[in-house]
Amino acid sequence: MNDASTILEINNLKTYFYTDKGVVPAVDDISIKVKKGQIIGIVGESGCGKSMTSLSIMQLIAPPGKIAGGEILFQNKNLVGISKAEMRSLRGNELSMIFQEPMTSLNPVYPVGKQVAETLLLHNKHMKKAEAKQKVIEMFKMVGIPEPEERYRVFPHQLSGGLRQRVMIAMALICRSKLLIADEPTTALDVTIEAQILKLMKNLQEEIDTSIIMITHNLGIVAEMCDYVYVMYAGKIMEQADVYELFDHPKHPYTEGLLKSIPRSNVQQNKEKGLYSIKGMVPNMLNLPKGCRFHPRCIYAEDACREVEPDLVDVGEGHLVRCIKYKN
Amino acid sequence: MHKIQELGGDDVNRVLMKVRNVKTYFPVEKGMFRKKSAMVHAVDDISFDIYEGETLAIVGESGCGKSTLGRTLLRLLDATEGEAYFEDQNIFELTSKELRQLRKQMQIIFQDPFASLNPRMKVTDIIGEPLVTHESMNKKEKDERVAELMEVVGLRKTYGNRYPHMFSGGQRQRIGIARALALNPKFVVCDEPVSALDVSIQSQIINLLQKLQEQKQLTYLFISHDLNVVRYFSDRIGVMFVGKIMELGPTNEVYDHPLHPYTKFLVAAAPVPDPHERSKEKLILEGEIPSPINPPSGCRFHTRCPYVQDRCKSQEPELKQIEGRMVACHYPLV
């Protein structure tokens, strides 16, 4: 580890699932770096391994899945192979996560305030209950929950989706985590509520100086929130770059295709030619194509792409591409 | 026949469907004896026209009644009040026999390609079922037609003997589209047809829907919450909020110059896939979506509207024609 400002460094992480039908390389040798206060985006379509990356960081991979290689350095400490007790002391405290479904990630039989206070009490053995309650109410206020005193006592089903997601954010940030992993945090929400939650996350990130890993399939959210972006496809990182660089000069054919195929709400588009689309579909993870994983869908594919898997090549200014077109 | 007034239309386009003052309410049942304690005003007095060959999008947030509206117009749900004419037939007054005939002309594509296909049926039988029930085709005719439909939607003919679980989301949605088209309908309700799909698959399905519309002169009612897709795909757009239409007009005009404050904030809320847009101050609507069980008095949007005035709290605005559009606001943004 070199840089003091680096909070998380993932090196050559492999998370494999050992199923009856064979080995699924859900996360296949990826490296990611997160600096203090930075918002990192991981984008990709379903099954590309973005959620498995976040679960690997949180050490929440369950059998038949296993971290098969690599290291996850969080503040210089390798989380791979760490004891359960040690991980528990980090999780929710220095390292926290927001899930997609605010409906299923809260316990339905406890009042929401109590659930948030639990996180606080668990990590601060000497804190009094009344003090914890006070802190939770303050946090509820900060994340924009109206009438926080009353809301402390209500159960999850009595709250709307947007409010539940605010409770989740309050829970994730109450211990002032150094790193927040948000896995599709707004996918289940309506657009006007999504805009509120994204703004809230950005404000909190500035206030608390938390680093965020934003996992999403929505390129709009990436463009709005992230500083640096990783594009994943079938378990591999295909391209990584600064957000402006990635949107202005995408280099990988997959990124290029993705950006071209999304319709945009802010401009009128010509309907005559149809929408650009990437042909085919994502490969079966049990039977990956030889060579570049994207080659069966790539419009530029040549013979060499079917044979050799390209390396992730640095094309300058922190822009890396895994494509045969680019060489060091 | 009733005398029907034209709504916000021009003389060039032929009206395929006229919707007048449609209300669909659901009772809320409470307690042991299922006493009806309140009503959900899912669709609350909605009127508009659908022109032949167009794509009319209905957008809005969850619970605004857009799916209920789509299903009411196909009579998959019963309207509480109002009239809906499909080529001069009031579909709410049809007998079940007449309705069966009409169903050939009106079909639906569902959002969830995982839940809308029977897992125990083979693809050929799923696509062919409408042909058997409505056209009483024999096996040979049916198989030919199914093969043709599969080709049209881009599925390999050899897939006919497979079951739905063997397909990906995009392919399943193609099966659903083939089933909807089996009877050569004129009018198709697309209820969030691409919301469950990945970006790269989404554009394939949108292109397919567009191609089919051109080939078969289909009329779509396109229900969606995705403002990016709607802008691309629709000709006109109706914006719904808690059971009401707030604004209805040509898509590009509505996006570029919204007249209703809700439309303005809704359009602004959609994240734009361009980091250079970030510097612009983002318009963010405060508050939550009100409940359709007990909608706010006056204008339903007044509890969230940043431009609210006293009149909005007591008097409900009517849907009026302004600048070639229909808008329900006392103080439109002209």
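Quick note: the coordinates plus some simple rules give every number you see, no bench work behind them. Not measured: the values here are computed from a predicted model. Methodologically, a virtual Cβ is constructed for each residue, glycine included, from the backbone with ideal geometry; neighbour enumeration extends over all protein chains shown.
The H on the amide N of B:Ile58, modeled in the peptide plane, is under 5 Å from the matching H of B:Phe222, B:Ile223, B:Ser224, B:Gly238, each at least 5 residues off or on a different chain. Relative to the longest principal Cα axis of chain A, at what angle does helix A:112-123 sit, 0 to 90 degrees, rounded to 10? Tilt relative to chain A: about 80 degrees. Over all orientations, the range B:160-264 has a Cα convex hull whose mean projected area works out to 7.9 square nanometres.
Rounded to the nearest 10 degrees, the angle from helix B:199-216 to the longest Cα principal axis of chain B is 80 degrees. Take each residue in A:250-262, count the other chain C-beta atoms within 10 Å of its C-beta, and the mean is 2. Applying Stokes-Einstein at 10 °C and 1.306 mPa s to the Kirkwood radius of the range A:1-136, computed over alpha-carbon pairs, gives a translational diffusion coefficient of 94 µm² s⁻¹.
Projecting the Cα atoms of B:Leu149, B:Tyr159, B:Ile91 onto the dipole axis of the range B:53-204, where Lys and Arg carry +1 and Asp and Glu carry -1 at the beta carbon, places B:Tyr159 farthest toward the positive end. Our note on the geometry: Cα centres of the range A:198-245 and the range A:76-116, 21 Å apart.
I want to verify a result. In a Gaussian network model of chain A, Cα cutoff 10 Å, which of these has the top mean-square fluctuation: A:Asp209, A:Asp227, A:Asp303? Greatest mean-square fluctuation among the candidates belongs to A:Asp303.
Mind telling me which of A:Met103, A:Met214, A:Met225 comes out most flexible in a GNM of chain A, alpha-carbon contacts under 10 Å? Looking only at A:Met103, A:Met214, A:Met225, the largest GNM fluctuation is found for A:Met103. Return a whole-number percent for the relative contact order of the range A:194-248, with Cα pairs under 8 Å and 6 or more residues apart as the contact set. The value is 22 percent. P(r) tail, the protein assembly as shown: Cα-Cα pairs separated by more than 33 Å, 53% of all pairs.
Rounded to whole numbers, the Karplus 3J(HN,Hα) couplings from phi for the range A:89-95 are 6, 8, 5, x, 9, 9, 9 Hz, using 6.51 cos²θ - 1.76 cosθ + 1.60 with θ = phi - 60°, and x at Gly and Pro. Between B:Met39 and residues 5 or more places away or on another chain, which pairs have amide H atoms under 5 Å apart, with H built 1.01 Å from N, and which residues are they? Amide H neighbours of B:Met39, under 5 Å, 5+ apart: B:Val28. In the elastic network of chain B, a GNM with C-alpha springs shorter than 10 Å, the most mobile of B:Ile237, B:Ile322, B:Ile127 is B:Ile322. The phi torsions of the range B:261-276, fed into the Karplus equation with coefficients 6.51, -1.76 and 1.60 and a -60° offset, translate into couplings of x, 5, 4, 4, 6, 5, 5, 5, 6, 5, x, 8, x, 8, x, 5 Hz, rounded to whole numbers, with Gly and Pro shown as x. In chain B, Cα pairs under 8 Å separated by at least six residues give a relative contact order of 20 percent.
Remark on B:Leu16: its backbone amide H falls under 5 Å from those of B:Ile50, B:Tyr51, B:Glu52, a criterion applied only to residues 5 or more positions apart or on other chains, H modelled at 1.01 Å from N.
Among A:Gly280, A:Val231, A:Pro310, flag the residue with its Cα farthest along the positive direction of the charge dipole of the range A:220-328, charges on Cβ as +1 for Lys/Arg and -1 for Asp/Glu. Highest projection toward the positive end goes to A:Gly280. Counting pairs of alpha carbon atoms under 8 Å apart in space and at least six apart in sequence, what relative contact order in percent does the range A:107-239 give? Relative contact order here is 21 percent.
Rg to Rh for the range A:92-172: what is it, with Cα atoms only and Rh by Kirkwood?
Taking Rh as the inverse mean 1/r over Cα pairs, Rg/Rh reads 0.93.
The alpha carbon centroids of the range A:166-180 and the range B:160-223 are separated by 41 Å.
Using a Förster distance of 22 angstrom, determine the FRET efficiency expected from the C-beta separation of A:Lys125 and A:Ser83, and round it to 0.05. Here the calculated transfer efficiency is 0.75.
Considering only C-alpha atoms, what is the centroid distance from the range B:294-331 to the range A:269-328, in Å? So the separation of the two Cα centres works out to 50 Å.
Each Lys and Arg Cβ is given +1 and each Asp and Glu Cβ -1; about its Cα centre, the protein assembly as shown then shows a dipole of about 1840 debye. Legend: distances between Cα atoms for B:Lys142/B:Lys186; A:Lys14/A:Lys133; A:Lys202/A:Lys236; A:Lys260/B:Lys244; B:Lys104/B:Lys264; B:Lys122/B:Lys216; pairs beyond 32 Å are A:Lys14/A:Lys133; A:Lys260/B:Lys244; B:Lys104/B:Lys264.
Taking label positions 7 Å along the Cα-Cβ direction at both B:His276 and B:Arg311, the computed distance is 4.2 nm, reported to one decimal. Per-residue Karplus couplings for the range A:187-196, computed as 6.51 cos²θ - 1.76 cosθ + 1.60 with θ equal to phi - 60°, are listed in order as 4, 8, 10, 6, 4, 5, 6, 4, 4, 4 Hz, Gly and Pro entered as x.
Stretching the chain fully between B:Asn90 and B:Ile284 yields a gain of 65.7 nm (0.36 nm per residue, less the alpha carbon separation).
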